[in-house]
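The values are calculated or read from the model by the stated rules, or taken from the named source; none is laboratory data. Worth saying up front: this structure is predicted, and the values here are computed from it rather than measured. All Cβ positions, glycine included, derive from the backbone under ideal geometry; neighbour counts span all protein chains shown.
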Amino acid sequence: MSLRLEDVWVRVLQGVSLEVSGGVVAILGRNGSGKTTLLRVITGLLKPDRGRVEAPGRVGASWQNPYFSFHRQTVLEELEEVAGDRGYAAEVLESYGIGDLAYRSPFTLSMGQARLLSILLATLWGPELVVVDEPTSGLGPGERSMVSRLLAGLGTTIVFATHDLDFALEVADRVVVLDRGRVVLDLPSLEAFYGDELYRLGFPRPLAVEVGLALGRVVRSVSC
Amino acid sequence: MASIVMEGVYYRYRGQAGWALEDVNLRLPWGRILVTGSTGSGKTTLLRVASGAARVYGGEVRGRISLGGRPVLVPQNFDAFILMPTPRMELVYVMENLGLDPGEIDARLHTISRALGIEGLLDRRIASLSAGERQRVAIASALATSPDILMLDEPLAYVDPQSISRVLDAVTMLGVKAVIVAEHRLHSLRGWPSHLVYMEEGRIRYTGPPRDVEGLPLSIAIQLMDPGDAARVAEARGCLG
C-alpha cells in the first residue's frame, strides 16, 4: 500500500505533500483547514487543480454524515452486500455487540450506531486504505471506545480527520496538522502529543497528556 | 430569579412507552450551565423540553416549566437550522423577521460574525462550508434572534476545541444571559461552567457548582479535575491506558 500526494492544490489546499505507507494517521486542524478536502482528494472524489496523487486502487471511505453510506432496508443487508456473505455479516455485528440491530433500518440508527456501521461498511470488503472523516463526532463515550477498538483492530492503513485530540492520541501512530490548507506538522503521534509544537499551534492538551505529564510517563488514554 | 425552573416535569416521545424525562426538578441560575451525562441520559430531551422545541416531536409533557427569558436551541442536526444559501443571507433573513431596521441589521451582522470568527465566510455557499463552519453559522443565526437563553446541543461535535472557548466567550459578550451547553466531552470545557447538571436515565442526578464533584461518576468528574488530582485518581483507580 502506498499513498503519495505531491504538491496538491485544490479548493483550500495549498501545496499539500504527504506520503503514507501504513499505520494509522490522524489529520488534525481547525474548522475549514482542509481536512475533509484532503480526504476527498485521497479517495479520488476531488481531482487536484495542480499536483499529483498516487493512491491505491481499493480505498474505503466513511464520511461525516454516516447516513449517506446507507441504501438498504436493514443493517444486515447493508453488511451482507459489502461482506458478500450473510453469515459473516451477522457474525461481525455480534462481535461488536450490535447483533440486535440486524433487522433495523439503518436510517433509524443513533448517530453512534450509524457511525460504527458506516466504518464497518468502509472496511469489510478488504480495501488497502480506509479514510474516515470525524470518526467520533456525535458519539457517546461507550460508542467512542467501540470505534477506537474497531479502528485499532483493522490492521489496514487508515487516514482519519478529527478534532478529537484524545481519540487521535489513543489510536493514531502519526499526526499530520493542516493549517489553512498547508501541512504545518507531521510527527509520530507520541512525539507530537508529548512535545511542544502541537500546543504552540494552539491545540489544547488532551486529558491523557496532562495526566501523563503529572505522572512523568506516557499515558495514551484515561478511561474510568 | 432563575433562568429556567422545572417542577415535576415528565416527558415522553410520541409512540414511546417510557418517560424520556422523569420527575425533573431543576432551578437553573443565569450564567454558564453545563448539562452532562452519557448518550441517552436525556440531555438533548431536557433542552428540547425546556426550550419548547419538544412540541415539534409531539409527545406528552407533564409538570411546570417557567423561563426567565427568551430561549433558542441550536440542535445537534444544526443543518436543519440554516435556511438560506449563504451565512449573510441567513443572518439578514433572521433579523428582518424580527423587524430590525437595515442599519441595525448591518451593525449586528458585523458584531456577531466577527465574534464567531465567520466574517470571512459570509458570502460563501453554505454547502461549501465545512461542518464546523456550518455549526458556527447555526450558532450565529441563533444569536441573531437576540435570545436571553442560548442552548447548544453538543457544540463540540464539530466546532474545534481551539475555537470553543472563543465561541462561548463571544456568546456571553453578545448579551446572552444564560448559556446552556449539553456535552459529554468535558475536558476542553473545564473551568467554563458556573453550574453543572448531571443526568442519568432521564433523571437529574446532580445540580450544583462544578467544583463540588463528589457524587459524580468518575468518568465525568475526572475531566473536570485539575491535572494533578486527575493523575492521582486515574492511577489509583487503574484508568490509565
| remark: Residue hits (the range A:198-207; of a type outside the set (K, R) and surrounded by 14 or more Cβ atoms within 10 Å (Cβ to Cβ)) are A:L198, A:L201, A:F203, A:P204, A:P206, A:L207
| task | Among what's in the range B:1-38 and is touching a helix residue (DSSP H, G or I) at 6+ places or on another chain (Cβ under 7 Å), outside any strand (DSSP E or B) and of a type outside the set (F, W, Y), pick the residue that is surrounded by the most Cβ atoms within 10 Å (Cβ to Cβ). | result | B:G37
| query | Which ranges mark the strands (runs of 3 or more DSSP E) fully within the range A:110-190 that have 1 or more residues being buried (at least 24 other Cβ atoms within 10 Å of the Cβ)? | reply | A:129-133, A:157-161, A:174-179
| task | Go over the candidates B:M84, B:M95, B:M89 one by one and state the one that is part of a loop (DSSP other than H, G, I, E, B) and in the same structural domain as B:P147 (by TED's automatic domain parsing). | result | B:M84
| field | Qualifying residue in the range A:209-217 (condition: within 11 Å of chain B (Cβ to nearest Cβ), touching a Cys at 6+ places or on another chain (Cβ under 9 Å), surrounded by fewer than 21 Cβ atoms within 10 Å (Cβ to Cβ) and farther than 18 Å from A:G97 by Cα) | value | no
| Does B:P155 count as under 21 Å from B:F81 (Cα atoms) and either in contact with a strand residue (DSSP E or B) (Cβ under 8 Å, 6 or more places away or on another chain) or not small (G, A, S) (or both)? | yes
| said: Of everything in the range B:1-52, what is closer than 25 Å to B:D212 by Cβ, over 20 Å from the mean Cα position of the chain (by Cα) and modelled with pLDDT of 95 or more? Give them in sequence order. | reply: B:E7, B:G8, B:E22, B:D23
| request: Can you tell me which residue among B:I204, B:I149, B:I139, B:I180 is within 14 Å of chain A (Cβ to nearest Cβ) and β-branched (V, I, T)? | output: B:I139
| said: Can you list residue pairs whose Cβ atoms sit under 7 Å apart, with the first residue in the range B:161-178 being exposed (fewer than 14 other Cβ atoms within 10 Å of the Cβ) and the second being part of a helix (DSSP H, G or I)? Count only pairs 6 or more apart in sequence or on different chains. | reply: B:M173/B:A115
| note | The correct count of residues that are of a type in the set (A, V, I, L, M) and in a strand (DSSP E or B) in the range A:1-58 is 14
| Looking only at residues in the range A:191-204 that are aromatic (F, W, Y) and assigned to a helix (DSSP H, G or I), which one is farthest from A:S221 (Cα to Cα)? | A:Y199
| Of all strands (runs of 3 or more DSSP E) completely enclosed by the range B:141-241, which ones contain at least 3 residues that are over 30 Å from A:R200 (Cβ atoms) and not hydrophobic (A, V, I, L, M, F, W, C)? | B:195-200, B:203-208
| Unique match (being touching an Asp or Glu at 6+ places or on another chain (Cβ under 6 Å) and either at negative phi or not aliphatic (A, V, I, L, M) (or both)) among A:P48, A:P66, A:P56 | A:P56
| query | Looking at the range B:33-52, is at least one residue more than 29 Å from A:T136 (Cα to Cα) and not small (G, A, S)? | reply | no
| request: Just give me the residues in the range A:197-207 being more than 8 Å from every other protein chain (Cβ to nearest Cβ) and under 15 Å from B:M225 (Cβ atoms), in sequence order. | output: A:R205
| Lone qualifier among A:R149, A:R220, A:R144 - being modelled with pLDDT of 95 or more and either among the basic types (K, R) or touching a His at 6+ places or on another chain (Cβ under 9 Å) (or both) | A:R220
| Would the range B:216-236 turn up any residue that is on the phi > 0 side of the Ramachandran plot and either more than 14 Å from every other protein chain (Cβ to nearest Cβ) or without any contact (Cβ under 8 Å) to a residue 12 or more places away in the chain (or both)? | no
| request: Go through the range B:39-67 and give me each residue that's surrounded by fewer than 18 Cβ atoms within 10 Å (Cβ to Cβ) and charged (D, E, K, R). | output: B:R55, B:E60, B:R62, B:R64
| request: Just need a number here: residues in the range A:33-56 that are touching a residue at least 24 places away in the same chain (Cβ under 8 Å) and within 12 Å of chain B (Cβ to nearest Cβ). | output: 7
